[in-house]
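Participant: One structure follows; several queries about it will come next.
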Amino acid sequence: RTEGWITGLHLASVYLRHAPDPTDRLRAIQAGDRYVMDYLVDEVLALLPAKIQEFLLKTSILDRLCGPLAEVVACIGDEVCDGRAYLEWLEQANLFVFALDDTWYRYHHLLQQLMQNRLRQQLSATEIANLHSRASAGFAQNGYVEAAITHALAAGDGRAAVQVVEAHRHEAMNQEHWQQIERWLRLMPRPLVDESPELLLLEAWILQKQWRFTEIGPVLERIEARLKAWPPSEAGSSYLSAEIDALRSLVCYYRLDGESAFGFASRALEALPMGCSSVRGLAWMYYAAGLHARGDISSAIEATHLGLAEDRFHLNAFPARVMITR
């Protein structure tokens, strides 16, 4: 539990030497006895400057931290030292901090636990939620989606958590990071998923990757119902409808309805932006497959080449999606 923290071991040994029953006290320490924790906090942290104590307190919500992130969370107003300077000072003083690499640090797990307990004692729930909100924004800005979701939910801001996923999902889809996307969805409370057309779309895409095509149609119906009940902006509605069309082209193709598959894929390709390369790749696949199902082989081949010509805009797995048609 002390991870070799010499000061913590020493303080614990002093405490045990003066305890009436050291065996019982040791069990209490191992169980996280709050009086022992308070003792360690008071004895060690009381020696540190007030600004360092405040810094440790506020950033204890972070499982890993870097200088800029620590500055955002702790709201450092120090004209001399930035967040990285604070962390380097703690590391050089051999106090509580481990360097993970040249940028990232983490706190000693015992200290983090102690500081989080102290945080709940000294700050209100609203103040702690604000710390988590700032952490979520900092992580999201740098592409650390899971951490951003976790802190947004800890802040009680479900909408912010949804927005993080919405902002990063197409990049992850384009890079075929489906396991990562599934982890994001598992972090989200079910009511948030059910309320968000984009998160429901992600579930539909995961069904597609799992070849569970018969289950996609009902999910798309739920998404369209949500769009009617809570319509986003006109641009957003068109964008999401195009994704629905792309998935419907797949469903129709495997129902042996090549005409409808071609129609839905055509409509999707007209509306989808180039940034949605994963979705466009699937739409091109069923655009050509629909033509093939209609018996128009030459047009299907031409469509495949037209789709492949888009690769200059994507530079990822896009060609593989289109080539499946062949």
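The values are calculated or read from the model by the stated rules, or taken from the named source; none is laboratory data. Because the structure is a prediction, the values reported are computed rather than measured. Glycine also receives a Cβ, built like all others from the backbone with ideal geometry; neighbour counts cover every protein chain displayed. For accessibility, only protein heavy atoms count, side chains too; no ligands or nucleic acids. Shrake-Rupley method; radii C 1.70, N 1.55, O 1.52, S 1.80 Å.
Participant: Among all the aspartates and glutamates, which ones have a C-alpha under 16 Å from residue 58's C-alpha, if same-chain residues fewer than 8 places away are not counted?
Facilitator: Partners found: 71, 78, 82, 127.
Participant: If you don't mind, there's one more thing I want to ask. Please list, in chain and number order, the residues 5+ apart from residue 97 or on another chain whose amide H is under 5 Å from its amide H, with Hs placed from the backbone.
Facilitator: Residues meeting the criterion, in which the H sits 1.01 Å from N, are 108.
Participant: Tell me, what HN-Hα J-couplings in whole Hz come from the Karplus equation 6.51 cos²θ - 1.76 cosθ + 1.60 at θ = phi - 60° for each residue of region 138-146, using x for Gly and Pro?
Facilitator: Working through the residues one at a time gives x, 5, 4, 4, 9, x, 8, 5, 4 Hz.
Participant: Turning to a different aspect of this structure: Calculate, in nm to one decimal, what residue 17 and residue 257 gain on full extension: separation in residues at 0.36 nm each, minus their alpha carbon distance.
Facilitator: That works out to 78.3 nm of additional length.
Participant: Given the -39500 (n - 2.57) contribution per DSSP H run of 4+ residues, what per-residue ellipticity at 222 nm results for the chain, rounded to the nearest 500 deg cm²/dmol?
Facilitator: It lands at -22000 deg cm²/dmol.
Participant: Can you work out the Karplus-derived ³J(HN,Hα) for every residue in region 210-223? Use 6.51 cos²θ - 1.76 cosθ + 1.60 with θ = phi - 60°, whole Hz, and x for glycine or proline.
Facilitator: 8, 6, 9, 5, 5, 8, 6, x, x, 5, 5, 5, 5, 5
Participant: With +1 on the Cβ of every Lys and Arg and -1 on the Cβ of every Asp and Glu, and nothing else charged, how large is the dipole of the chain about its Cα centre, in debye rounded to the nearest 20?
Facilitator: About 640 debye.
Participant: Hey, if we sort 75, 276 by accessible area with the 1.4 Å probe, largest down, what's the order?
Facilitator: 75, 276
Participant: Now for a separate question. Relative contact order (percent) for the chain, with alpha-carbon contacts under 8 angstrom and 6 or more residues of separation?
Facilitator: Here the relative contact order equals 9 percent.
Participant: While we're looking at this one, here's another question. Considering only protein heavy atoms and a 1.4 Å probe, what is the carbon-and-sulfur percentage of the accessible area of the chain?
Facilitator: Ligands and nucleic acids excluded, carbon and sulfur give 53 percent.
Participant: For region 159-174, take each phi angle, set θ = phi - 60°, evaluate the Karplus expression 6.51 cos²θ - 1.76 cosθ + 1.60, and give the result in whole Hz per residue in order, putting x for glycine and proline.
Facilitator: Values per residue, Gly and Pro as x: 4, 5, 4, 4, 5, 4, 5, 4, 6, 10, 5, 5, 4, 5, 5, 4 Hz.
Participant: Enter the Cα centre distance for the pair region 271-293 and region 183-211, rounded to the nearest angstrom.
Facilitator: Taking the Cα centre of each part, region 271-293 and region 183-211 sit 21 Å apart.
Participant: For residue 9 and residue 186, what does the FRET efficiency come to when R0 = 45 Å and r is the distance between their Cβ atoms, rounded to the nearest 0.05?
Facilitator: 0.75
Participant: Provide the FRET efficiency to the nearest 0.05 for the residue 91-residue 125 pair, computing r from the beta carbons and using R0 = 41 Å.
Facilitator: Efficiency computed from Cβ-Cβ geometry: 0.85.
Participant: I would also like to ask the following. Given a 1.4 Å probe, how much area per residue of the chain is accessible, in Å²?
Facilitator: Heavy-atom SASA per residue in the chain reads 51 Å².
Participant: Okay, next question. Could you work out how far apart the two model spin labels at residue 84 and residue 274 are, taking each label as a point 7 Å from the Cα in the direction of the beta carbon, and quote it in nm?
Facilitator: Going by the 7 Å Cα→Cβ label model, 3.5 nm.
Participant: For a Förster distance of 41 Å, can you work out the FRET efficiency between the beta-carbons of residue 53 and residue 222, rounded to the nearest 0.05?
Facilitator: For R0 = 41 Å, the calculated efficiency reads 0.25.
Participant: Here is a further query. How large is the translational diffusion coefficient of the chain in µm² per second when you combine the Kirkwood radius over alpha carbon pairs with Stokes-Einstein at 25 °C and 0.890 mPa s?
Facilitator: For these conditions, the coefficient is 106 µm²/s.
Participant: Just to confirm the number: angle between the C-alpha axis of helix 109-122 and the first principal axis of the chain, 0 to 90 degrees, nearest 10?
Facilitator: The angle comes out near 80 degrees.
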